Amino acid sequence: MSTLAVNKNQEIKFNPQLFGLWLGMASIIMLFGALTSAYIVKQGASNWLNIQVPSIFYVSTAVILLSSLSLHIARNNFRKANVSQYRKFLYITFILALSFLVVQYNGWAQLFSNGVDLKSNVAGSFFYLITGAHAAHILGGIGALIATIINAHILSQNNNESRKIRVEMLLHYWHFLGILWVYLLGFILYIK
């Protein structure tokens with residue numbers, strides 16, 4: 001753990017891995033800020049047709065929020081060294097993460113069957129782009145989650161500082177993805 005000296009009497013604990021994650025999340029915010037800004041600009045175009053977002057996307061919102069809660073519970077059990085509950089809630093989070101992607105895919109399929117494809121409607125193209133980019137970040141989070149599940153089974157059960165940081169980083173990223181999804185869906189639903 002690195003430290004920064006503030007003055008002679010104080011130190012601030014600084015973890016470069018967590019800082020790097022937050023920088024990465026800041027770049028993701030800029031990406032989605034650019035996409036939503038472009039959405040607003042393109043909305044004024046003559047070929048813009050508002051789309052009806054299928055209600056299944058509300059289900060995916062509930063699923064991602066539940067996955068965030070289950071990962072939070074897993075982290076709390078990790079802190080308490082309750083290994084069986086830690087592993088159990090990691091698996092629940094994994095199942096919910098996969099479920100989120102399945103529900104997203106079903107939502108895209110519904111949208112496509114309603115005649116909204118990538119070519120015919122700019123609003124539809126933006127919807128697929130924004131939600132697809134979010135899904136790609138979910139896949140990255142699932143990769144980190146799989147690594148955490150593997151570590152929960154093969155590493156000794158001592159909670160060393162490095163392992164604590166990795167669990168915290170996953171939790172921060174996963175909560176970030178949940179908040180990001182709520183923002184994106186709210187943006188698309190209410191900016192018309």
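Results, tabulated for the structure shown:
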item: Output for the range 9-28, where each listed residue is in contact (Cβ under 8 Å) with a residue 60 or more places away in the chain and in a helix (DSSP H, G or I); result: Gln17, Leu18, Leu21, Trp22, Met25, Ile28
item: Within the range 13-47, considering residues that are of a type outside the set (A, V, I, L, M, F, W, C) and touching a strand residue (DSSP E or B) at 6+ places or on another chain (Cβ under 9 Å), the one modelled with the highest pLDDT; result: Pro16
item: Hits in the range 115-151 (condition: under 16 Å from Thr36 (Cα atoms), of a type in the set (Val, Ile, Thr) and within 20 Å of the chain's Cα centre (by Cα)); result: Ile130, Thr131
item: Val167 being of a type in the set (A, V, I, L, M) and in contact with a Lys or Arg (Cβ under 9 Å, 6 or more places away or on another chain); result: yes
item: Conditions (1) at pLDDT 95 or above; (2) outside any helix (DSSP H, G or I): number failed by Tyr183; result: (2)
item: Members of the range 171-192 that are farther than 16 Å from Ser55 by Cα, touching a Ser or Thr at 6+ places or on another chain (Cβ under 6 Å) and open to solvent by 10 Å² or more (accessible area, probe 1.4 Å); result: His175
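The values are calculated or read from the model by the stated rules, or taken from the named source; none is laboratory data. Note that the structure is a prediction, hence the values are computed from the model and not measured. Because the Cβ atoms are built from the backbone with ideal geometry, glycine has one as well, and the counts that use them run over all protein chains shown. What goes into the accessible areas is simple: the full protein's heavy atoms, side chains included, and nothing from ligands, DNA or RNA. Shrake-Rupley method; radii C 1.70, N 1.55, O 1.52, S 1.80 Å.
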